[in-house]
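K.L.:
The following block contains the structure, expressed as C-alpha cells.
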Amino acid sequence: MGNFKLKIVLTVIMLVFSIIPAVIVGAIGSFSIMGYERSVKENTLQRVSESKSAAVKQLFNGYLTVVKAAAKSETAIDSAYGMGSASGMLAATVSANPDFLDMMILDAGGTVIEAVNGTAGGVFENLPMNDQGVINMPSVSEMLTWTSYGDAIFVADAIPSETATGEAGYVVAIVSAGEGSGLMNTLNGRFDGLSGGHFMLVDKNGVAINFTGNGQISRDFSGNALNTSMSQFFDTSNSGYSDLKNSTDIKSVSETAGGYTYYLGLIDKSIMNWRWAGVAENGAFGSFSMTTNLLGWVVVAAGAVVFSVCSLVVIGRFLGNMNGMLKTMTEISDAEGATDIRFKITNRKSELGQIQTSFNDLLDEVFLSEERHRTIAELSDNMLFEWDFHKERMYASPNMLAKFDINTEEATLSNGKFIDSLMEPEDAEKYKRDINQLLKNKNGYSAEYQLRTKSGAVIWVSLRANCVTDRLGEPLRVIGVMTDIDNEKKLELQLSERASYDFLSQLYNRNTFIRNLTSEVERRGTKRVAVLFIDVDDFKFINDRYGHTVGDEVIRFVADTIRKKVDDRGGFAGRFGGDEFVLCFTNQEDIDNIENISMDIINELYSGYDTADGSMHIDVKASIGVAFCPDHTEDVNELLSFADTAMYFVKKNGKTNYHIYIPEDSATDEYIDPEGF
C-alpha cells in the first residue's frame, strides 16, 4: 500500500513539473492568439468602415454639387421670385442623375413652387440649415413624413436672395435610398471573416439605413429584423453618438448585451450631420482562435494521459528496487546507535547499486566514528551527554554515570530528572532558563553549576553545550561537555573573597563596600539605609608615640568593635584606608536607634584595650558622622560625602562625638585636621 502511494506521489510530482508549465505556456499562447485575432479583425472592421464612409462622403459631395449648381442658377432664382419656370432645368437634372427621384424649388417659407414628379403647394417647415448654409439632413422619420417617396433622403441648398439678407428659396433633391440606388450600392457588402459584419448609415436620431449582401433589410442593435427598412439602431443617449464632433473622430464600442462590436464615425458636418457605423458580431472576433485553442488543449490532455501512464510504469519498476532499500533504512533508523545492518546489493554496476554501495560505506564510517567517540569519552576526564530530539533519547558517557546518579531512560534535557535533579532549586531554575535560551537561539552556551555527586558531596562543574539543527533550523541534538572544576572554583572564590577585604582590618575594602552599598540603595524599596563614617581621633599621635605596631593593633581593635554592631543584623562595615571606617545599617530598628548605636561605639572604643605585650592600656577616641537614604539623598556618592561632612563637623566641634548630617554642614568651611601637620 505504501509503495502504491509513493508511485502516485512521484507521478503527481512529475506531472506538476511537466504538465503545469505546458498548461501555463498553452494558456499564454491561447490568450495571445485570441488577442491577435481580435486585433486583426477589429482593424479590418475599422479600415473597411472608414473606406465605406469615404465613399458615402464622395457620393453625397456629388449630390450636393449638383444641388448647389441648380440653386445658384438664374432659372432657379427667377422661379423663386415668380418670374419664370425652372421645370426644364429640374427635369433635366433629375434625368441626368438616376438616384434623383424628384427635384423641387421651395420659396423662402418652405412652400413647393415647382416639382418634377411631385405636386406643387406642399410645405416644408423649419428647414435645418447648418453653418455653411446647407440644409442638414433631417432624420429618416422626418423625411418619411415630408415625402411620399418611400426609402429616400433629400439634399438641399438655399437660393440666394437679391436683397442683403435671407434666402429667396431652396432647391431640394429627393435622393433614392432604396434597392439599387447609389447609396445602397455604396453600403452594400459584408466584411470578410466577420460574422454579421455590415456597414450602416445612421441619422441624427440613431435611425439606420442597413444593407447586407442579401439585399436591404433592417435590424436593431442585436441584429433582429424589423418591419421597415429604416429603423432605430443606436441609443443616441449612451452609445457615444453625440461624442463625435469632427469627421476624424472614431469611437469603438463593444456591446456585451447585444453581442456586437461597432466603430462609429461622423460623415462630414459640411455635408450631413449623419454617422457611419461598421458592425460585426462579437463572436466573429474569436472564432478561429477558439477552434485552434480547443484542438491544442485536446492535444495537451491526451499528452498528459499518455505521460501519466508511462510515468506509472517507469516509477513502478524503479520503486520495486527502492522498496527493499526503504525497509533497510527503516531498520537502521530504529536501531539504537551504530549498527551492522547494511543494504543488500544485487547489481553493483547499476545506479541503484552504486547508491547502495555508497550508503554502506557511509554507514561503516558512522560506525567507526561512533566507536571512536565512545572510546574518547571513556578515556577523557570530560563527561559527555547528548539529547536526540527525534528519538527522544539521552546519552551520558560512562564516567558521567559513574559520578552522578542519573537515569538516562527517564531523563530529558530539563524534566527534573537529568543534572537539574542534582542541583539546588535556585541553580535548577537557572539551568532550565539556560537550556531554553540555548534552544531559542540555537547556538552554544557555557555556564557553571553546583551538582551533588553519588557520594553526597557538592562540586562545581563547568558545562558547555551546542545545539545542532537541521537545514530548516529545527533542533536535532544538544551535545554537551561537563568538566569537574571544583578545586579551581574554590580557589577562585577564595581569591575573590580576599580581594574584597582589607587585609589589616578584615573588613570590606573601599570598592567592595561601595558596590554593596549601591546594591542596598537600589533594592531598598521604601526602606531607609543609614551610613556611618568613623574617623579615629588623634591616630597620628598614637602612631608617632607608640609605633606602627600599636597603630595596627588600634585599627584591628576598631574593626572588631564596629563589626560586632553589624554582624547578623543585615548590615556591613568597611575600611576606606588609614583610620577611616564606614558602616551600613539596613535593619529599620537599628536605623531608628542610630544615635544610641553611635554612642555605644564611641563608648566601647573609649574603654580601650590592652596592647599585645600587656605593657599598656590605650583608650581610643572616635568621631562619627551619620547620613540617611533617602532622607538626605539617594545617590551613593553623595550619601558617603554627607556622612563624611557630618563627621568633620564633630572634628571641628570638640571630637569624640557623633553628628547627623544637615544641609547647613555643607556650607561651612572644610575642617583641617591638625594631625595632618
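K.L.:
Within 42 Å of the chain's Cα centre (by Cα) and open to solvent by 60 Å² or more (accessible area, probe 1.4 Å) - does that describe any residue in the stretch 491-510?
P.N.:
So in the stretch 491-510, the residues within 42 Å of the chain's Cα centre (by Cα) come out as none.
The answer is no; no qualifying residue exists.
K.L.:
Just checking, how many residues over the stretch 409-458 are in a loop (DSSP other than H, G, I, E, B) and within 46 Å of the chain's Cα centre (by Cα)?
P.N.:
Of all residues in the stretch 409-458, those in a loop (DSSP other than H, G, I, E, B) come to 409-418, 423-424, 442-444, 453-457.
Then keep just the ones that are within 46 Å of the chain's Cα centre (by Cα); that gives 410-418, 442-444.
Number satisfying all stated conditions: 12.
K.L.:
Out of the stretch 437-452, which residues are buried (at least 16 other Cβ atoms within 10 Å of the Cβ) and touching a Phe, Trp or Tyr at 6+ places or on another chain (Cβ under 7 Å)?
P.N.:
Of everything in the stretch 437-452, those that are buried (at least 16 other Cβ atoms within 10 Å of the Cβ) and touching a Phe, Trp or Tyr at 6+ places or on another chain (Cβ under 7 Å) turn out to be L438, Y449, L451.
K.L.:
Of the conditions (1) closer than 30 Å to G178 by Cα; (2) surrounded by fewer than 17 Cβ atoms within 10 Å (Cβ to Cβ), V23 clears all except one; give me its number.
P.N.:
V23 satisfies all of (1) closer than 30 Å to G178 by Cα; (2) surrounded by fewer than 17 Cβ atoms within 10 Å (Cβ to Cβ) except (1).
K.L.:
I would also like to ask the following. Tell me which helices (runs of 4 or more DSSP H) are completely within the stretch 575-654 and hold 1 or more residues being open to solvent by 60 Å² or more (accessible area, probe 1.4 Å), among the acidic types (D, E) and within 19 Å of R524 (Cα to Cα), or say none if there are none.
P.N.:
Numbers: elements: 588-592, 594-606, 636-652.
Filter on the stretch 575-654 gives 588-592, 636-652.
K.L.:
List, please: which pairs have Cβ atoms under 8 Å, are six or more places apart or on different chains, and start with a residue in the stretch 586-598 that is farther than 10 Å from G571 by Cβ and touching a residue at least 60 places away in the same chain (Cβ under 8 Å) and end with one that is in a helix (DSSP H, G or I) and open to solvent by 60 Å² or more (accessible area, probe 1.4 Å)?
P.N.:
Nothing qualifies.
K.L.:
Sticking with this structure for a sec: Of everything in the stretch 36-61 that's surrounded by 14 or more Cβ atoms within 10 Å (Cβ to Cβ) and more than 19 Å from V202 (Cβ to Cβ), which residue is modelled with the highest pLDDT?
P.N.:
Here the residue is T44.
K.L.:
Kindly evaluate A457 against the criterion of being of a type in the set (A, V, I, L, M), over 30 Å from I555 (Cα atoms) and surrounded by 15 or more Cβ atoms within 10 Å (Cβ to Cβ). Break it down stepwise before answering.
P.N.:
Values: of a type in the set (A, V, I, L, M): yes; over 30 Å from I555 (Cα atoms): yes; surrounded by 15 or more Cβ atoms within 10 Å (Cβ to Cβ): no.
No, not satisfied.
K.L.:
Right, here's the next one. Before we move on, is F557 assigned to a loop (DSSP other than H, G, I, E, B) and aromatic (F, W, Y)?
P.N.:
Numbers: assigned to a loop (DSSP other than H, G, I, E, B): no; aromatic (F, W, Y): yes.
For F557, the condition - assigned to a loop (DSSP other than H, G, I, E, B) and aromatic (F, W, Y) - is not met.
K.L.:
Turning to a different aspect of this structure: Name the pairs: first residue in the stretch 511-532 and under 20 Å from Q588 (Cβ atoms), second residue charged (D, E, K, R) and open to solvent by less than 40 Å² (accessible area, probe 1.4 Å), Cβ to Cβ under 6 Å, at least 6 apart or on different chains?
P.N.:
Taking only residues 6 or more apart or on different chains, the pairs are V529/E520.
K.L.:
Every residue in the stretch 453-487 that is of a type in the set (A, V, I, L, M), over 17 Å from M400 (Cβ atoms) and out of contact with any His (no Cβ under 8 Å at 6 or more places or on another chain), please. Please lay out each step first, then the result.
P.N.:
Our first condition is that a residue be of a type in the set (A, V, I, L, M); within the stretch 453-487, this holds for 457-459, 461, 463, 465, 468, 472, 476, 478-479, 481-482, 485.
This time we only want the ones that are over 17 Å from M400 (Cβ atoms), so: 468, 472, 476.
Result: V468, L472.
K.L.:
Okay, next question. So is D361 assigned to a loop (DSSP other than H, G, I, E, B) and either more than 45 Å from the chain's Cα centre (by Cα) or modelled with pLDDT under 65 (or both) or not?
P.N.:
On the way: assigned to a loop (DSSP other than H, G, I, E, B): no; either more than 45 Å from the chain's Cα centre (by Cα) or modelled with pLDDT under 65 (or both): yes.
For D361, the condition - assigned to a loop (DSSP other than H, G, I, E, B) and either more than 45 Å from the chain's Cα centre (by Cα) or modelled with pLDDT under 65 (or both) - is not met.
K.L.:
Next question, about the same structure. Restricting to the stretch 400-420, count the residues that are free of Cβ contacts under 8 Å to residues at least 24 places away in the same chain, open to solvent by 40 Å² or more (accessible area, probe 1.4 Å) and either touching a Ser or Thr at 6+ places or on another chain (Cβ under 6 Å) or of a type in the set (S, T, N, Q) (or both).
P.N.:
Of the residues in that region, 3 qualify.
K.L.:
Does F533 satisfy the condition of being surrounded by 12 or more Cβ atoms within 10 Å (Cβ to Cβ), in contact with a Gly (Cβ under 7 Å, 6 or more places away or on another chain) and assigned to a helix (DSSP H, G or I)? Full working, then the answer.
P.N.:
Details: surrounded by 12 or more Cβ atoms within 10 Å (Cβ to Cβ): yes; in contact with a Gly (Cβ under 7 Å, 6 or more places away or on another chain): yes; assigned to a helix (DSSP H, G or I): no.
Taking the combined requirement at face value, the residue does not satisfy it.
K.L.:
Here's another thing I want to ask about it. Taking the stated definitions as given, is G88 at pLDDT 85 or above and either at negative phi or touching a Lys or Arg at 6+ places or on another chain (Cβ under 9 Å) (or both)?
P.N.:
Details: at pLDDT 85 or above: yes; either at negative phi or touching a Lys or Arg at 6+ places or on another chain (Cβ under 9 Å) (or both): yes.
Yes: the conditions hold for G88.
K.L.:
Just the residues that are small (G, A, S) and open to solvent by 10 Å² or more (accessible area, probe 1.4 Å), please, taken from the stretch 519-530. Walk me through how you get there before you give the answer.
P.N.:
Start the filter on the stretch 519-530 by keeping residues that are small (G, A, S), which leaves 519, 525, 530.
S519, G525, listed by residue number.
The values are calculated or read from the model by the stated rules, or taken from the named source; none is laboratory data. Being a predicted model, the structure only gives us computed values, none of them experimental. Neighbour counts are summed over all protein chains in view; Cβ atoms, including those assigned to glycine, are modelled from backbone coordinates with ideal geometry. Only protein heavy atoms, including side chains, enter the accessible area calculation; ligands, DNA and RNA are left aside. Shrake-Rupley method; radii C 1.70, N 1.55, O 1.52, S 1.80 Å.
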